[in-house]
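Step one of this worksheet: look at the structure below.
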Amino acid sequence: MRIISGRFKGKKICLPNDKSTRPLKDLVKESIFNVISHSNEIEIKINNSNILDLFSGSGSFGLEAISRGAKIVTFVEDYQDVLEILIKNISKLDCQNQCQVIRKNCFEYLNTIEKNSLKYDLIFLDPPFKEKNINSIIDKIIEKKIIKKNGIIVIHRHKKDNIDITNKINIFDTRLYGISKIIFAN
């Protein structure tokens, strides 16, 4: 696994040995950033943005965003073995001043976050494929008002996932890459 573009381009990041963790493939990650950069539906720019990386794992998505100029990335992860890898990757890239690591599960974090705290330009939601409570996560994001007016939510699911995403958000694009389905919404 590597950083694809930006100031850390080509740098390798560590991945967990644990097979229960599913790292975001480079092709999928690159495709997501291409859509963000070139879609007429998306008004945000990665450069100078605030990003929330839920179920962040080893930090592949958020670290790519920092490499591409994100101002700050909040990583939310509670699996201890993966947290150690995430912290190692942040340290390896020496970008601690742009990272906030929350050692809680996503649901606990969203329940305890203060309403109207830091607002995010982009929220990347990459739960385990077996996770079915996607809509309750989206509901919390809306309830807590943590996404900016023009912000987007990017959701990573298995291509065969058949969960109906709530109509409280506007899905404006869906892409398939191998076994991945990427949903872009605002």
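Any read-out appearing in this document is the output of simple, stated calculations on the displayed coordinates, not a laboratory observation. All values reported here derive from a predicted model rather than from experimental measurement. Backbone-built Cβ (ideal geometry, glycine too); neighbour counts: all protein chains shown.
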Which net charge results when you count Lys and Arg as +1 and Asp and Glu as -1 among the other residues whose beta-carbon is under 10 Å from that of Leu110?
0
Amide H contacts under 5 Å for Asp173, restricted to residues at least 5 apart in sequence or on another chain and with H modeled in the peptide plane, are Phe184
Counted charge near Glu77, where neighbours are those whose Cβ lies closer than 12 Å (Asp, Glu -1; Lys, Arg +1):
-4
Hand me the trypsin sites (Lys or Arg not before Pro) from segment 15-62 located in a DSSP loop with no more than 11 other Cβ atoms within 10 Å, in residue order please.
Lys19
What pairs in Lys11/Lys71; Lys12/Lys149; Lys88/Lys149; Lys12/Lys145; Lys11/Lys104 have C-alpha atoms more than 30 Å from each other?
Lys12/Lys149; Lys88/Lys149; Lys12/Lys145
Within segment 103-186, report the trypsin sites (Lys or Arg not before Pro) that DSSP leaves as loop and that have at most 15 other Cβ atoms within 10 Å.
Arg103, Lys104, Lys115, Lys119, Lys130, Lys132, Lys145, Lys159, Lys160, Lys168
For Ile147, enumerate residues with amide H under 5 Å from its amide H, sequence gap 5+ or separate chain, H modeled in the peptide plane.
Tyr120
Mind checking the dipole of segment 45-185: about its Cα centre, +1 per Lys or Arg Cβ, -1 per Asp or Glu Cβ, Debye to the nearest 20?
420 debye
Per-residue ³J(HN,Hα) for segment 151-166, Karplus 6.51 cos²θ - 1.76 cosθ + 1.60, θ = phi - 60°, Hz, x for Gly and Pro:
x, 10, 10, 10, 10, 9, 10, 6, 4, 8, 4, 10, 5, 7, 6, 3
Tell me, Leu110, Leu54 in order of fewest to most beta-carbon neighbours within 10 Å?
Leu110, Leu54
Between Ser60, Ser39, Ser31, find the one with the highest GNM mean-square fluctuation for the chain; connect C-alpha pairs within less than 10 Å.
Ser39
GluC sites (Glu not before Pro) restricted to segment 83-130 and DSSP loop, no more than 12 other C-beta within 10 Å:
Glu114
